[in-house]
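Report on the following structure.
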Amino acid sequence: MNGYVLETRDLTKSYNGRPAVDGVSVAIKRGEIYGLIGKNGAGKTTFMRLILGLCEKDRGEVMLFGDKDLNKARAKIGSLIEEPGLYRSCTAYENMKRFAMLYGADKAEIPEILNLVGLSDTGNKKAGEFSLGMRQRLGIAIALLNRPEMLLLDEPINGLDPAGIKEMRDLFVTLNKKGVTLIISSHILDELSKVVSVYGIINKGRIVEEIRQEELENRCKRGIVFRTSATDKAADAFKEKFPSGICETEGDKLIVYDPLDAADRINAELVSRGIGVYEISKFSYDIEDFFLEKMEK
Ligand SMILES: Nc1ncnc2c1ncn2[C@@H]1O[C@H](COP(=O)(O)OP(=O)(O)OP(=O)(O)O)[C@@H](O)[C@H]1O
Ligand SMILES: [Mg+2]
């Protein structure tokens, strides 16, 4: 076992000659909360359906839990794709009982799962009278019946009010702490920004960027740009002078993320080493901007 719960290679699916999922290769480790972020039509649902075997791939590979025997491995996945199909005239408990029978799951676990998703005190209320957030949480409860190691949730937050969003996020974190790997799609970054450990940005069926939460926070920090004719030398000089500083180079730019209050000292250091600096500017880069740029391209 290589620690990956899901790996795909060149996974591709077209509809009417147009790729919905286009050459996707991802490797998702156990314990992650993977946020699949993309606009409407980017391919999020199709990707999840391919993983679950709900539609046929054109080409590529899927490996689950390091195994190519997908039928066996899929038993370890719970999913909620689009709206859950609930028995609307049944209570939360009755819904759970029906699905437990269908899946051959242990009924004794129902109270605990309902408690986990915050639906233990809905009593005689019928699912048809539930709010969207409650229906989504019941959908997740049903997905939890087979004690999955991984959950695939397609836009579970879509349409929820702020309180519902918070409850849903808390639930993700609780499940994750219990050892469940989550793959959650969304078209709104902000909905997931507080819980995700790694983002995959999907655009026109392709993963255009994968970035870890901490890396994103780093990158989206403010920074100072020094334009110079000798970026490598400038980076070396910077690292020598500021050993705990953070910088990167890009073309003729040395970009400093930390320290941010030392533009004058950094400049003096570079100039004293004969490195010509012909422009200094500051920028602040918003997380939202970062995603929009990647999603719109
Ligand atoms: N069953 C289908 N038949 C034909 N085209 C489809 C089918 N399912 C998806 N597509 C097309 O594939 C592309 C990706 O769709 P998909 O539903 O995977 O995107 P999405 O990211 O889930 O979008 P949304 O945010 O709207 O849910 C779209 O262009 C869509 O029209
Ligand atoms: Mg979708």
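Exactly one of (1) part of a helix (DSSP H, G or I); (2) buried (at least 19 other Cβ atoms within 10 Å of the Cβ) is unmet by SER79. Its number?
All conditions are met except number (1).
Consider ILE77 against the criteria (1) more than 24 Å from the chain's Cα centre (by Cα); (2) touching a residue at least 24 places away in the same chain (Cβ under 8 Å): it satisfies all of them except one. Which criterion is unmet?
Every listed condition holds for ILE77 apart from (1).
Somewhere in the stretch 46-60, is a residue in the same structural domain as TYR199 (by TED's automatic domain parsing), within 16 Å of ligand 2 (Cβ to nearest atom) and among the aromatic types (Phe, Trp, Tyr)?
For the stretch 46-60, residues in the same structural domain as TYR199 (by TED's automatic domain parsing), within 16 Å of ligand 2 (Cβ to nearest atom) and among the aromatic types (Phe, Trp, Tyr): present.
Among the numbered criteria (1) under 26 Å from the mean Cα position of the chain (by Cα); (2) buried (at least 17 other Cβ atoms within 10 Å of the Cβ), which single criterion is violated by ILE255?
Failed condition: (1).
Among the listed residues VAL208, VAL195, which satisfies the condition of being assigned by TED's automatic domain parsing to the domain that holds GLY17, buried (at least 18 other Cβ atoms within 10 Å of the Cβ) and under 30 Å from ARG49 (Cβ atoms)?
After applying the criteria, what remains is VAL195.
When you go through (1) at pLDDT 95 or above; (2) of a type outside the set (A, V, I, L, M, F, W, C); (3) assigned to a loop (DSSP other than H, G, I, E, B) one by one for PRO111, which number turns out not to apply?
Only one criterion is unmet by PRO111, namely (3).
Can you name the residue in the stretch 123-156 that is in a helix (DSSP H, G or I) and hydrophobic (A, V, I, L, M, F, W, C) and, of all such residues, is nearest to the chain's Cα centre (by Cα)?
Narrowing the stretch 123-156 to residues in a helix (DSSP H, G or I): 127-129, 132-143.
Going one step further and asking which of them are hydrophobic (A, V, I, L, M, F, W, C), we end up with 127, 132, 134, 138, 140-143.
Numbers: ALA127: 29, LEU132: 22, MET134: 22, LEU138: 22, ILE140: 17, ALA141: 20, ILE142: 22, ALA143: 19 Å.
Filtering first and then ranking leaves ILE140.
Looking at the structure I just gave you, is LEU216 within 10 Å of the chain's Cα centre (by Cα) and crowded, with 16+ Cβ neighbours inside 10 Å?
So LEU216 fails the test.
The values are calculated or read from the model by the stated rules, or taken from the named source; none is laboratory data. Here the structure is a predicted model, which is why all the values come from computation and not from measurement. With ideal geometry, Cβ positions are generated from the backbone for all residues, glycine too; neighbour counts draw on all protein chains shown.
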